[in-house]
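Data block below; observations after.
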Amino acid sequence: MLRKEQPANRREFLKLAGTAVLAQSILAGGTAWSGTTPPASTVGLPPLKITEVRVIVTCPGRNYVLVKILTTEPGLYGVGDATLNGRELAVAADLEKHLAPLLIGRDPEAIEDTWQYLYRGPYWRGGPIQMTALAGIDEALWDIKGKRAGMPVYQLLGGRTRVGALAYTHASGNDFTEVEDAVRHAVERGFKVVRAQVAIPGLQGTYGASSSKKPSEPAAGAPPADLPSTELFEPGPYLRTIPKLFAHLRSALGEEVELLHDAHERLGPVEAARFARDLEPYHLFFLEDLLRPEYKESFRLVRQHSTTPLAMGELFNTLWDCVDLIKEQLIDFIRCDLGHIGGITNARKVAALAEAFQVKTAWHGPGDIGPPTHAANVHVDISIPNFGVQEMVFFPEITREVIPGAPEFKDGYMMVRETPGLGTDVNEELAKKYPYQRAYLPTARRRDGSVQDW
Ligand code: EZ4
Ligand code: CO
C-alpha cells in the first residue's frame, strides 16, 4: 500500500534500486533468487550449488553416455542418461564443452528454469543431440531433487496413480513359428503385451528381425563391425508378410495376449493406410511408427481407413512435434523417448497435453538408452493418469553392474526402486574398464540401390 508521506520520486527510486539489485544478480548468471534469500520451501536446508558435471562414456555391452552432476552438499549427486545411439560423442562433447560450464554454480533445485535456460538460451533449439544432452541433465537434476527430498521421483511428480507400469517386450524370428515361440516365451515370463516382428522372405535383414539374429537395436559396438551395415527393404514383401504373421499368431495364440508391431517409420501414406486396414482383424494393441516423422499430416489418411490403434513419436524431440497429432486425435499413443526429448520435465508436458485429448503414453524403452532413462520412464508412467504401456528391456549383467538400478520386471509390470531419486547410479571405476567403441545403427537400401529409411 502507498504511504502518503513518501514522495513519489523516492518510491520510484526504491523500486528501481530493488530491480537493479535483482537485475545484477541475474546478469551475473544467477536466477532471480540466487544470492539473496533462499526460497521458503528450502529454508532449513543448506543452499545448494552445482560444483561439477562429469560426462561418462562407457561401453558395457553397448555404448552409453551418463551425466553425473555433483553439488556443494557432500555425497549429493544426480545421474542422468544422455545416450544417442551412433552419435554418442557428439552429445558428450555438447555436454562437456558447451553445457557443463553453464551449470557450474547454478542452483540444482531450479529444474524448470535450467531447462528453459538450456533450451531457449542458446537460440538454436531442438534436434536429437541437444535434446539428448538436455535429458541427461534433466534426469540428473530430478535425481538430486529426489535424494534431497528423501523421496523417489514419482512422489515429487504427484505420487502414485498405479502399482506398476504395464510392460511389453520384443518377440522376433526368422519365420512365423519362431515368432510364435518367442511370444509364448514372453507370455510365460509374465508379459501381457508383446511386440512381434518377423524377417521378410527375400529381404536380407529387416528392422526388428534380421536373419543374422542381431538384437533389434544393433550398434552394440563390437569390433570389427564399426561401420554401419546395410539392410534391404521393399514395401511390397513387407506389406504382404506382416498381416499373415498376425493371422498366424492369432490362430495359434488366441485373442488374449496383446500384440503390437513396429513399422519403424518406413511407409508412404497409402501403404500405411492399407497396412493399418489389413491388420485390423488381428486387433493390435497398437501399430507403431507407421510414417516418417516429417509427414505427420498423412496420419489423417490412415485414420480415415482404419480403426487399428496408432502409436508414434520415438523420433520426436520437442513438445511441438507432438501437438498436431495429439490435438487432432490422429494417434492413440504418444511414444516419445524421454532421453531424446529433454527428460522428465518435457515428458510431463507431453503427457498432460495428451491427457486433454484422450491420448495415452507409450514411452520408447529400447536397450540403446540407459537405465536412468528407463527409470525416468517408469517414474512418469506410475504418476500420470493417462499411461498406456511401457516398452522395456532386460539389461545384461555387465550393464547392470556399470549402471545399476534399472526398473525391475514383476508379473508383467515395471517397478521402480523405492529409494530417493531415480534409483539408478553409475560405477565410474568400472565404467572406465569398458571404453567407448565406435558403432552405428544399420542403414537400409532398396533393391535398386537407393537409400531407404531403416
Ligand atoms: O530402433 O532404439 O521401438 N523401438 C525401436 C528401437 C529403435 C532404436 C534406435 O536406436 O524402434 O529399436
Ligand atoms: Co520403435
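The values are calculated or read from the model by the stated rules, or taken from the named source; none is laboratory data. Since the model is a prediction, treat every value here as computed from it, not as a measurement. No Cβ is skipped: glycine too gets one built from the backbone with ideal geometry, and neighbour counts run over all protein chains shown.
Observations
- A count restricted to the range 57-70 and to residues that are of a type outside the set (K, R) and closer than 11 Å to Y434 by Cα stands at 7.
- A247 vs. criteria surrounded by fewer than 22 Cβ atoms within 10 Å (Cβ to Cβ) and away from ligand 2 (no atom under 16 Å from the Cβ): yes
- Any hit, the range 378-395, residues being surrounded by 21 or more Cβ atoms within 10 Å (Cβ to Cβ), more than 19 Å from the chain's Cα centre (by Cα) and assigned to a loop (DSSP other than H, G, I, E, B): no
- Which numbered condition I369 fails, given (1) touching an Asp or Glu at 6+ places or on another chain (Cβ under 9 Å); (2) outside any loop (DSSP other than H, G, I, E, B): (2)
- The residues listed here are L315, L338, L330; of these, the one that is more than 16 Å from ligand 1 (Cβ to nearest atom) and either surrounded by fewer than 24 Cβ atoms within 10 Å (Cβ to Cβ) or under 18 Å from G388 (Cα atoms) (or both) is L330.
A quick yes/no check of all residues on (1) within 16 Å of ligand 1 (Cβ to nearest atom); (2) in contact (Cβ under 8 Å) with a residue 24 or more places away in the chain; (3) part of a helix (DSSP H, G or I):
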site: K147; (1), (2), (3): no, yes, yes
site: G158; (1), (2), (3): no, yes, no
site: A167; (1), (2), (3): yes, yes, no
site: E180; (1), (2), (3): no, yes, yes
site: V187; (1), (2), (3): no, yes, yes
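- Filtering the range 271-320 to residues that are away from ligand 2 (no atom under 16 Å from the Cβ), within 23 Å of the chain's Cα centre (by Cα) and under 20 Å from K244 (Cβ atoms) leaves nothing.
- Condition met for E314 (part of a loop (DSSP other than H, G, I, E, B), modelled with pLDDT of 95 or more and among the charged types (D, E, K, R)): yes
- Test: residue in the range 258-270 that is within 15 Å of the chain's Cα centre (by Cα), crowded, with 22+ Cβ neighbours inside 10 Å, within 16 Å of ligand 2 (Cβ to nearest atom) and at negative phi: no
- Check on T169, over 25 Å from L279 (Cβ atoms), buried (at least 19 other Cβ atoms within 10 Å of the Cβ) and within 19 Å of the chain's Cα centre (by Cα): no
- Helices (runs of 4 or more DSSP H) contained in the range 42-128 and holding at least 3 residues surrounded by fewer than 18 Cβ atoms within 10 Å (Cβ to Cβ) and of a type in the set (A, V, I, L, M): 88-93
- Odd one out for R10, checked against (1) modelled with pLDDT of 65 or more; (2) part of a helix (DSSP H, G or I): (1)
- Of all residues in the range 74-102, those satisfying the criterion of being of a type outside the set (A, V, I, L, M, F, W, C) and free of Cβ contacts under 8 Å to residues at least 40 places away in the same chain are P74, G75, D94, K97, H98, P101.
- You will find that of A439, A406, the residue that is crowded, with 24+ Cβ neighbours inside 10 Å and either assigned to a loop (DSSP other than H, G, I, E, B) or touching a helix residue (DSSP H, G or I) at 6+ places or on another chain (Cβ under 8 Å) (or both) is A406 and no other.
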